[in-house]
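A.B. asks: Can you keep this structure in mind? I'll have questions shortly.
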């Protein structure tokens, strides 16, 4: 009996010829994503007149702002740049609107928990190590056990 050869026997050569172009497309797509910073959306609760609100803000920013209506009478706004995000934050506070704002990546803080420290470990010793690594801690505090209130072996 003869074995049937699969029809895709010559396909590895074709794939190897196509792979560089596919790889270059993937690289160019990922580099464009890296160059563009992600700007988090803003959710506004119960906007009185959403279209007028978007038009007014578009006039201030001099660029088109995209918005999407969500269930529960909410408006989700997608600013294009971090500068537009900050302007929209100021605009919302001026209008005294209820909103949910996400932090921009450059505003986010890094939180570190150190485990296994004795309860009587000095906080000053913990703050010195990040400073040696060119990091400026804003807050260093020993964590406490929720139920008892006693110092924990963790530090934040």
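A.B. asks: If I ask for residues that are touching a strand residue (DSSP E or B) at 6+ places or on another chain (Cβ under 6 Å) and in contact (Cβ under 8 Å) with a residue 24 or more places away in the chain, which ones from the stretch 51-87 would you list?
C.D. replies: 70, 74, 75, 76, 77, 78
A.B. asks: Could you figure out which of (1) assigned to a loop (DSSP other than H, G, I, E, B); (2) touching a helix residue (DSSP H, G or I) at 6+ places or on another chain (Cβ under 9 Å); (3) more than 20 Å from residue 38 (Cα to Cα) isn't true of residue 72?
C.D. replies: Here residue 72 clears every test but (2).
A.B. asks: Right, next: Being loosely packed, with under 11 Cβ neighbours inside 10 Å and out of contact with any helix residue (DSSP H, G or I) (no Cβ under 6 Å at 6 or more places or on another chain) narrows it down to one residue among 51, 81; which is it?
C.D. replies: 51
A.B. asks: Looking at (1) at pLDDT 80 or above; (2) under 19 Å from the mean Cα position of the chain (by Cα), which is the only condition residue 96 fails?
C.D. replies: So residue 96 meets the others, but not (2).
The values are calculated or read from the model by the stated rules, or taken from the named source; none is laboratory data. As the structure is a computational prediction, the values presented were derived from the model and not from experiment. Note that we place each Cβ from the backbone using ideal geometry, even for glycine, and neighbour counts take in every protein chain shown.
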